[in-house]
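The values are calculated or read from the model by the stated rules, or taken from the named source; none is laboratory data. Only a predicted model underlies this, so the values are computations on that prediction, with no experimental measurement involved. Heads up, the Cβs are rebuilt from the backbone with ideal geometry, glycines too, and the neighbour counts pull from every protein chain shown. Surface areas here come from the heavy atoms of the whole protein model, side chains and all, with no ligands, DNA or RNA. Shrake-Rupley method; radii C 1.70, N 1.55, O 1.52, S 1.80 Å.
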Amino acid sequence: MKKVAILQSNYIPWKGYFDMIAAVDEFIVYDDMQYTKNDWRNRNRIKTAQGLHWLTVPVKMKGRFGQSIREAELDGHAWRSAHWRILSINYRKAKCFSEVAEWLGPLYQCEYQTVTELNLVFIAAICKFLDIGTKISCSWNYRLDHGKTERLVSLCQQAGATQYISGPAAKNYIEPSCFSEAGIALSWFDYDGYPQYPQLWGDFEHGVSILDLLFNCGQDAPLYMRHIKK
């Protein structure tokens, strides 16, 4: 049995994103989809003494009809030092800040041309730290068919999947019959029930970048996730 998940890349995603990666045998980055503003592709939230704070990477907007995520180019590089400064200020007192900063800090010194390039570098580094060995591939290395559900089914078939694990939000558009007709089991990932971990700055918040968990818990981060080997 081979499990596959297909999602767009996100900037420093939350823990549930990495839990899904860990739950499957192959994770396909689906950045052939249209880039959307004010979404998770180029931004995420962290906790600060003043509350939740967005870290947003500026993106050049091109064309009247938009562009795909992997075509979206970053606008400038000043955000790199700004993001790292904000992360350092707000997490320097976290228990595992030094441990994580050792490999994370240098990533903010590199140059990136596109949203996809940036996200893939950070996702790969975080997976390495968490010891997630899932194969990460890209949709543009496969043939892309027409139709929302049909395209997902085709990607699964090309990847040799017997089971497709989808995020629950896709229930709004996925046609389950397309998967059953193709002999691929469809299941929905459950993001509920994560335990709380020691967290800085007030009331606990699950919906933040996984960097919050890593800075606070380091190598113990998998204890607060469900699909990573402890």
>> Give me a comma-separated list of calculated 3J(HN,Hα) values for the stretch 11-16, in order, Karplus coefficients 6.51, -1.76, 1.60 applied at θ = phi - 60°, integers in Hz, x for any Gly or Pro.
In response: 7, 5, x, 6, 4, x
> What order do you get for 179-187, 207-215 when each peptide is scored by the mean count of other beta carbon atoms within 10 Å, highest first?
Replying inline: 207-215, 179-187
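What percentage of the solvent-accessible surface of the stretch 135-230, computed with a 1.4 Å probe over protein heavy atoms, is contributed by carbon and sulfur atoms? Kindly include the intermediate steps, with their values, before the conclusion.
Numbers: 2440 of 4980 Å².
Its accessible area is 49 percent carbon and sulfur atoms.
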> Can you give the Kirkwood hydrodynamic radius of the stretch 3-62 from its Cα pairs, in Å with one decimal?
Replying inline: 13.1
> Non-local amide H neighbours of Asn42 (under 5 Å, H modeled in plane, Pro and chain starts lacking H): which ones?
Replying inline: Tyr11
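Sort the following peptides by mean Cβ neighbour count (other Cβ atoms within 10 Å, averaged over residues), highest first: 51-58, 22-29, 218-225. Display every interim value, and only then the final one.
Working: 51-58: 14.6, 22-29: 21.0, 218-225: 17.1.
Per-residue Cβ counts within 10 Å, averaged per peptide and sorted highest first, yield 22-29, 218-225, 51-58.
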> Do any of Lys93/Lys229; Lys93/Lys171; Lys3/Lys62; Lys3/Lys93; Lys2/Lys171; Lys95/Lys229 go past 32 Å between their Cα atoms, and which?
Replying inline: Lys93/Lys171; Lys3/Lys62; Lys3/Lys93
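Please give the net charge around Ala185, taking every other residue with its beta carbon less than 14 angstrom from that of Ala185, where Lys and Arg add +1 and Asp and Glu add -1. Can you show the working numbers first?
Working: positive: Lys2, Lys3; negative: Asp25, Glu181.
Around Ala185, the surrounding residues sum to 0.
Give the dimensionless ratio obtained when the Cα radius of gyration of the stretch 125-191 is divided by 2.2 N^0.38 Å. Provide the component values of the computation, followed by the final result.
Values: Rg = 13.2 Å, N = 67, 2.2 N^0.38 = 10.9 Å.
Taking N as the residue count of the stretch 125-191, the ratio is 1.22.
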> Short version: ³J(HN,Hα) in whole Hz for each residue of the stretch 53-61, in order, from phi by Karplus 6.51 cos²θ - 1.76 cosθ + 1.60 (θ = phi - 60°), x for Gly and Pro, what are they?
Replying inline: 9, 7, 9, 10, 8, x, 10, 6, 9
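Let me have the relative contact order for the chain, percent, based on Cα pairs under 8 Å that are six or more residues apart. Please report the intermediate quantities before stating the final value.
Details: 368 pairs, mean separation 69.6, N = 230.
Value for the chain: 30 percent.
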>> Counting pairwise Cα distances across the chain, what percent come out greater than 25 angstrom?
In response: 42
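Quick check for me: using +1 on Lys/Arg Cβ and -1 on Asp/Glu Cβ, what's the dipole size of the stretch 72-213 about its Cα centre, in debye to the nearest 20?
Working: 11 positive and 16 negative charges, 52 e Å.
So the dipole magnitude of the stretch 72-213 works out to roughly 240 debye.
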>> From the phi angles alone, apply the Karplus equation (6.51, -1.76, 1.60; θ = phi - 60°) to the stretch 32-49 and give each ³J(HN,Hα) in whole Hz, x where the residue is Gly or Pro.
In response: 7, 6, 5, 6, 10, 6, 6, 10, 7, 4, 10, 7, 7, 10, 10, 9, 9, 5
> Whose amide H sits under 5 Å from the amide H of Trp14, counting only residues 5 or more places off or on another chain, with H placed in the peptide plane?
Replying inline: Ile210
> Can you list the residues, at least 5 places off or on another chain, whose amide H is less than 5 Å from the amide H of Thr114, using H built in the peptide plane?
Replying inline: Leu74
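At R0 = 35 Å, how high is the FRET efficiency between Cys110 and Ala169 if r is their beta carbon distance? Nearest 0.05 is fine. Don't jump to the answer; show the numbers that get you there.
Values: r = 31 Å, r/R0 = 0.89.
Computed FRET efficiency for Cys110 and Ala169: 0.65.
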>> Just to compare against my own numbers: the Cα pair-distance distribution for the stretch 155-216, 10 Å bins, whole % per bin, please.
In response: 17, 35, 21, 21, 6
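Kindly provide the Kirkwood hydrodynamic radius of the stretch 1-105 in Å, to one decimal, from all pairs of distinct alpha carbon atoms. Let's see the in-between values first.
Values: mean 1/r = 0.0633 Å⁻¹.
Here the Kirkwood hydrodynamic radius works out to 15.8 Å.
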